[in-house]
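What follows is one structure encoded as structure tokens, with my remarks underneath.
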Amino acid sequence: MCDDSRLLEFCETERQRNILTALIENGGNRRKTAKQIGLSERGLYQLIARVKQYAARHGVSPDHGLTHATPPGFAVKGVSTLYNADGEQTAQWVKTTAEAERPEALREAILEAFEDYRGRGKVSAAPKHSDADLMTVYPMGDPHLGAYSWAEETGDDFDLKIAEQNLCESVSRLVACSPKSEVGLILNLGDFFHSDTSENRTLRSGHALDVDTRWAKVLRVGVRAMMQCIESACRKHQTVIVKNLIGNHDDHTSQMLSIALGLFYEGNERVIIDESPSKFWFHRFGRVLIGATHGDTCKPTALPGIMAHDRAGDWGETKHRYWYTGHIHSQTVMEFPGVLWESFRTLAGKDAWTASKGYRSGRDMYAIVHAKDHGEVERHRVDIGMLNGNSSPRTS
């Protein structure tokens, strides 16, 4: 039987610590504890299992006692044991490594936080009439929630509040302009979050980032903003598909966003959250084939070949093929044999680094309507100047 009190020092979140404290106070009675805190028994067992796994990675077995101690901030990397001729252990070397912020820890924290909300995602009533031959795509070009910009330095004020208002209002306006297409596709092209960890640096290059407020708050606001966008889309479309692509600023948090939304809308037949971690994503709609990627890992000239290889059957059966990307924060359209490639602008303001490099692209968002047999048939645009969340340069 596990000594639950030993698990307290291995809790990674305050919520884990509070629940385990209640369990200890209830004498280890898990059914009573689960009822008291409003958590399912299954959820309580999963929480304890996650804390046990974390303890085990630090060389501690709460069920059988300490196996080998590790200093704070380090995790066990390996163990070497020396035995004598009689098979008795005479010495042991414990290899440790500094423990970085673990993506799986973030994933576990989100799974735990949303366990109580599993399947609770409700949306407005479905529209009475919709056109099954139409699909509206809402490409989100690099929202960068959590980025900070000071107008006197960059020309634009931008922070978490402005980012949330701009994104949600843009989607609401574009949904209002869209026809009653049966399918709505919310296509987050990556870099939804400005920073992937609380260190506020890009994961690959270590580039320092200008950030607004605490990282945990940014994650919470990001999930809330996407929920509001989904609700807006559900008012117009029978089915809403949501895809969050991995960007170079949010390798892990982009996937966590999908996991959180997937749990929240679990069982909701009208909202489909695609949780695939692939860098390249495809969606077929009649004779239309859409490919999407952030755009940081390959050149546009390589995209037609990737589509033809990865979706050979769909390539042969479709006529209208498109690649949508973000990353470069500017609008570029190029036509290749068989495919039209387009990169999209961002609603985000320029940070200090971007402004200093002379980048001056416009800021907007589109809704693109596709017909099953004819490809793109119309599009609607929202300019940054139309939005209430947009902030003009301040002088004080």
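With a ≥ b ≥ c taken as the square roots of the eigenvalues of the C-alpha gyration tensor of segment 172-318, please select rounded if a/c is under 1.5 and otherwise prolate if a/b is larger than b/c or oblate if it is not?
On the way: a/c = 2.14, a/b = 1.17, b/c = 1.82.
Oblate, because a/c is 1.5 or more while a/b does not exceed b/c.
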**Asked** What shape does segment 281-388 take by its C-alpha gyration tensor, where a ≥ b ≥ c are the square roots of the eigenvalues and a/c under 1.5 counts as rounded, a/b above b/c as prolate, and the rest as oblate?
**Response** oblate
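Values in this text are rule-based calculations from the coordinates and carry no lab data. Note that the coordinates shown come from a computational prediction; the quantities given were computed from them, not determined experimentally.
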